[in-house]
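The values are calculated or read from the model by the stated rules, or taken from the named source; none is laboratory data. Fair warning: this is a prediction, and the values are worked out from it, not measured in the lab. Neighbour counts run over all protein chains shown; Cβ positions are idealised from the backbone, glycine included. Just the protein is used for accessible areas: all its heavy atoms, side chains included, with ligands, DNA and RNA removed. Shrake-Rupley method; radii C 1.70, N 1.55, O 1.52, S 1.80 Å.
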Amino acid sequence: MRYWTVLGLWTLAGALWAQEPKSVIGFETPQHGWLVLPGAGGKLELTENPNDVKAGKRALRYTYTAAAGKLNAIIYLEPELWAQGFRFWIKADRPALFALSMQEQSGERWHAPFWVSGNEWQQVSIALADFTLAEDTKPVNNKLDMDEVEGLGLIDVSALFLATPEAAILFGDQTGTRVMWLDEFEFLSKAPARRATPNAIDDFQRDYLVWMATAYTTIRREAGGMRVEYDLPFPYIFGALRMVEPNALRDTKGIEVVIQVKTPTTLAAFVEEQDGERWSATFEAGGESKPEPKRLLWNQFTITEDTKGKGDGKLDPAKIKMLSLADWGALTEGGPTSNRWLVQSVRMVK
């Protein structure tokens with residue numbers, strides 16, 4: 001009898017050990033571990049408002065003020081060091097670009113940006129492979145070592161970098177009081193699946209977007225791609241942009257955008273180099289029955305007038321740090337200011 005009891009206990013222990021480790025912060029009690037980053041602004045509290053809770057009875061609410069150069073962030077100082085990914089529910093009171101950030105003992109900081117549409121809960125699943133080294137961080141070994149991580153944070157990137165008069169021209173007024181809600185924050189022992197897509201800059205397989213929208217433009221993940229929409233009676237710069245990892249486009253000949261556009265128009269692709277030079281090329285799109293590839297080679301790009309003299313006047317793909325797509329036709333007289341795109345993928349031309 002004792003033999004079978006011991007065997008049963010070992011079997012149970014083995015089954016429990018075989019389960020994937022999992023840790024969830026549900027914010028049901030005041031001891032949730034999150035706090036406002038020292039030196040940052042804002043107020044952190046639990047809410048029981050049913051409209052602002054995704055699961056259970058409570059969620060975390062962060063209220064803060066966006067202003068030029070003002071950092072607003074919350075942090076968690078005891079992350080699970082075995083984690084290979086993170087999954088959580090987030091909502092914001094307006095569309096914004098956020099980033100999950102981690103810092104190692106060596107000082108290396110890593111960011112994983114994601115777009116929040118605003119006023120609706122959305123789930124975000126981030127793998128360690130989604131993190132990139134912060135631009136202002138000195139590389140140590142250029143590798144994210146989870147067992148060296150001191151803490152993780154959640155940052156409103158839009159509030160930090162876009163709350164300026166210059167940025168308002170493109171992104172609208174980003175200043176003022178903001179609210180962000182967080183619920184069901186999970187540490188995952190297995191990274192969210194990512195399929196390998198050759199030459200992809202973005203194949204939109206994540207459950208979130210790494211792009212950000214200009215003012216009066218709505219972007220969301222849809223039908224295996226990115227849906228871009230706008231509907232205004234006056235012309236504006238309607239579009240979306242994303243950062244590009246350093247050297248990601250080295251030794252490429254150009255880019256290919258697989259896109260479907262409802263109303264015919266002229267679209268423009270912009271790339272910006274590290275020295276501030278910006279280059280553009282246009283292409284016609286609209287009326288396609290399904291997404292079609294639009295190929296743009298680097299020799300088709302010309303420098304924008306407002307960035308001439310910032311660099312050497314030569315487009316170097318290895319130095320590209322940002323990519324954007326915009327409706328150029330909407331700025332012309334009689335051009336459509338209401339349209340819908342589906343961007344299925346953005347690829348490198350080798």
Once the Cα gyration tensor of the chain is found, what semi-axes does its equivalent ellipsoid get, as square roots of 5 times the eigenvalues, in whole Å, sorted largest first? 39, 24, 21
Per-selection metrics, the range 140-285 (Cα): Rg and Dmax in Å: 18.1, 53
Most positive-pole-ward Cα, SER158, GLY287, SER324, against dipole of the chain from beta carbon charges: GLY287
Using the scaling law 2.2 N^0.38 Å as the reference, what is the normalised Cα Rg of the range 224-300? 1.21
Semi-axes, largest first, in whole Å: what does sqrt of 5 times each Cα gyration tensor eigenvalue give for the range 233-347? 25, 17, 11
Please report the projected area of the range 267-328's Cα convex hull averaged over all directions, in nm². 4.5 nm²
Which whole-Hz ³J(HN,Hα) couplings does the range 290-295 yield from phi under the Karplus relation 6.51 cos²θ - 1.76 cosθ + 1.60, θ = phi - 60°, glycine and proline marked x? 7, x, 10, x, 10, 9
Which of LEU46, GLY334, VAL124, positive extreme of dipole for the chain (C-beta unit charges): VAL124
Carbon plus sulfur, as percent of the 1.4 Å-probe accessible area of the chain, comes to 52 percent
Would you mind getting the Kirkwood hydrodynamic radius of the range 24-183 from its Cα pairs, rounded to one decimal in Å? 16.3 Å
Per residue of the range 338-350, in order, report the coupling 6.51 cos²θ - 1.76 cosθ + 1.60 (Karplus, θ = phi - 60°) as ³J(HN,Hα) in whole Hz, putting x for Gly and Pro. 9, 6, 9, 10, 10, 8, 8, 6, 10, 10, 7, 9, 8
Using alpha-carbon coordinates, inclination of helix 2-18 to the longest axis of the chain, degrees: 20 degrees
Which whole-number value in Å² is the accessible area per residue of the range 156-285, probe 1.4 Å? 43 Å²
With Cβ to Cβ distances under 12 Å as the rule, what net charge do the other residues near PRO139 carry (K, R +1; D, E -1)? -1
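Which order do the peptides 178-185, 73-80 take when ranked by the mean count of other beta-carbon atoms within 10 Å per residue, highest first?
The packing order, highest mean first, is 178-185, 73-80.
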With all protein chains present, calculate the accessible area of ASP312 using a 1.4 Å probe and round the result to the nearest 10 Å². 100 Å²
Compactness of the range 165-205 - radius of gyration and Dmax, Cα, Å: 18.0, 43
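What do you get for Rg/Rh of the range 62-133 when both radii come from the Cα atoms and Rh is the Kirkwood radius?
Here Rg/Rh amounts to 0.96.
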Among all the aspartates and glutamates, which ones have a C-alpha under 17 Å from LYS290's C-alpha, if same-chain residues fewer than 8 places away are not counted? ASP203, GLU222, GLU229, GLU256
Segments 155-165, 111-121 sorted - mean Cβ within 10 Å per residue, highest first: 155-165, 111-121
Which of the peptides 289-301, 233-245 is most tightly packed, and how do the rest follow, judged by the mean count of other Cβ atoms within 10 Å per residue? 233-245, 289-301
If the only charges are +1 at each Lys and Arg Cβ and -1 at each Asp and Glu Cβ, what is the size of the charge dipole of the chain around the Cα centre, to the nearest 20 debye? 680 debye
List the residues, sorted by chain then number, that are 5 or more residues from ALA73 or on another chain and whose placed amide H is less than 5 Å from its amide H. LEU37, GLY41
Net +/- balance of residues flanking TYR64 in space, Cβ distance below 14 Å, scoring K and R +1, D and E -1: +2
Might you report the magnitude of the Cβ-based charge dipole of the range 229-296 about its Cα centre, with Lys and Arg at +1 and Asp and Glu at -1, to the nearest 20 debye? 200 debye
What net charge do the residues around THR263 carry, taking every other residue with its C-beta under 10 Å from that of THR263, with Lys and Arg at +1 and Asp and Glu at -1? +1
Reach of LYS319 by Cα under 29 Å, taken over lysines that are not fewer than 8 positions away in the same chain: LYS70, LYS138, LYS143, LYS253, LYS294, LYS308, LYS310, LYS350
